[in-house]
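What follows draws every value from the coordinates through simple rules; no lab data is involved. Remember, it's a predicted structure, so these values are computed and weren't measured experimentally. Backbone-built Cβ (ideal geometry, glycine too); neighbour counts: all protein chains shown.
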Amino acid sequence: FIKKEVDLLIVSPNEAAPLAPIVNSIYQRNIPVIVIDRKTSSNLYNAYVGADNIAIGNLAGKYIGNTLNGKGNIGIITGLKGTSASIEREKGLRESLREYPEIQIKTILEGNWERDKARSAALAHIAELQANDLIFAFNDQMALGIQEVLKQADTTAKKIVIGVDALSGPGNGLEQVIKGNLQASMLYPTGGAEAIRTAAAILEKEQYQRDNILSTLVIDSSNANLLAMQAKKIEIQQEDIDRQQHLIAEQSQIYNNQKTTLNVLIINLVLAVVFGG
């Protein structure tokens, strides 16, 4: 990217530490850097766009406390070790659970943000997981992997499993909450539009916010259908916009063809008059 002399870099670091030196060097070259979704281990960037992961952990803790009526054992499935999102979600969760001294974290497994990894970890520690009253996975895909293993181990017992993301679309968290495979999911906005708006502001030398914190909420059976309807409506609107853009492109092509034809006719007419004279 440096060799290509980019005007601005948007980066979502998988882990906080490994990318920090190169991101720092880009920032020090006066190339604007927007960090999205996850942070590096330094503060050398122009803007951050993403949800507050500590707040997400806090929200999950409050939901767990209310769901278990302030008493019980829980298991947590963390993301990749060293990622800011995983560290901050666990921190927020533990802070929130201080209000519920009778709720204990009995099992901690690492799922690396991946469904298959979470499934493998669950298979290796199935007895520990089954001893918990609720499982909180740090994203929906890991939560679904855990749920699959729990169902295979005991088809009669339904364990409370919650996740994070609540993305719309087939197989994602929002659909799984509606189907009842997940009890709840903490909404994690993607922030793509905000990142582009911030990038445009930086490139146009306009004012912009350094920290763009996206709001979150609990998605469960009480509001999942409403959110799904909104997501569907947005999808339909996007399809309409794409269709209109396609029609505009077609009309522009027709206009350009007609303009060319008209110019040729006018030139021919002028030439005919000249040669006729």
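Between the Cα long axis of helix 140-153 and the first principal axis of the chain there is an angle of about 40°, rounded to the nearest 10. Give the longest segment of the chain that steers clear of GluC sites (Glu not before Pro) in DSSP loops with at most 10 neighbouring Cβ atoms within 10 Å, not counting the sites themselves. By the stated rule (loop sites, at most 10 other Cβ atoms within 10 Å), 6-203.
Taking one quarter of the surface of the C-alpha convex hull of segment 157-228 gives a mean projected area of 5.9 nm².
In deg cm²/dmol and to the nearest 500, what is the mean residue ellipticity at 222 nm of the chain if only DSSP H runs of at least 4 residues count, each as -39500 (n - 2.57), divided by the residue total?
Working: 9 runs with 139 residues, N = 277.
So the calculated ellipticity at 222 nm is -16500 deg cm²/dmol.
The ellipsoid equivalent to the alpha-carbon distribution of segment 123-164 has semi-axes of 15, 10, 10 angstrom, derived from the gyration tensor eigenvalues as √(5λ) and listed largest first.
State which entries of 179/232; 39/233; 117/159 exceed 23 angstrom in Cα-Cα distance in the structure shown. Don't jump to the answer; show the numbers that get you there.
Working: 179/232 16 Å; 39/233 32 Å; 117/159 20 Å.
Listed pairs above 23 Å: 39/233.
Identify which of 33, 49, 177 has the largest mean-square fluctuation in a Gaussian network model of the chain, with springs joining Cα atoms closer than 10 Å. Taking springs between Cα atoms under 10 Å, the residue moving most is 33.
All other residues with a Cβ under 13 Å from the Cβ of residue 199 taken together, and with Lys, Arg as +1 and Asp, Glu as -1, what is their net charge?
On the way: positive: 197, 205; negative: 7, 194, 204, 206.
Net of charged neighbours comes to -2.
To check you understand DSSP bridge types, tell me what percent of the beta bridges within the chain (both residues inside) are antiparallel, rounded to 5.
Values: 2 of 30 bridges.
Beta bridges within the chain, antiparallel portion: roughly 5 percent.
The angle separating the long axis of helix 192-203 from the principal Cα axis of greatest extent in the chain is about 50 degrees.
Would you please calculate the Kirkwood hydrodynamic radius of segment 1-152 over all C-alpha pairs and express it in Å, rounded to one decimal?
Numbers: mean 1/r = 0.0596 Å⁻¹.
Result for segment 1-152 stands at 16.8 Å.
Of all trypsin sites (Lys or Arg not before Pro) in segment 107-181, which ones are in loop regions per DSSP and have a Cβ with at most 14 other Cβ atoms within 10 Å? Those satisfying the criteria are 158. Computing Rg and the Kirkwood Rh from the Cα coordinates of segment 141-277 gives a ratio, Rg/Rh, of 1.36. In degrees, nearest 10, range 0 to 90: what is the angle between the Cα axis of helix 224-276 and the longest Cα principal axis of the chain? Once rounded, one gets 10 degrees. Any idea what log10 I(q)/I(0) is at q = 0.08 Å⁻¹ for the chain, Debye with uniform C-alpha scatterers and no solvent? Taken in order of the listed q values, log10 I(q)/I(0) reads -0.46.
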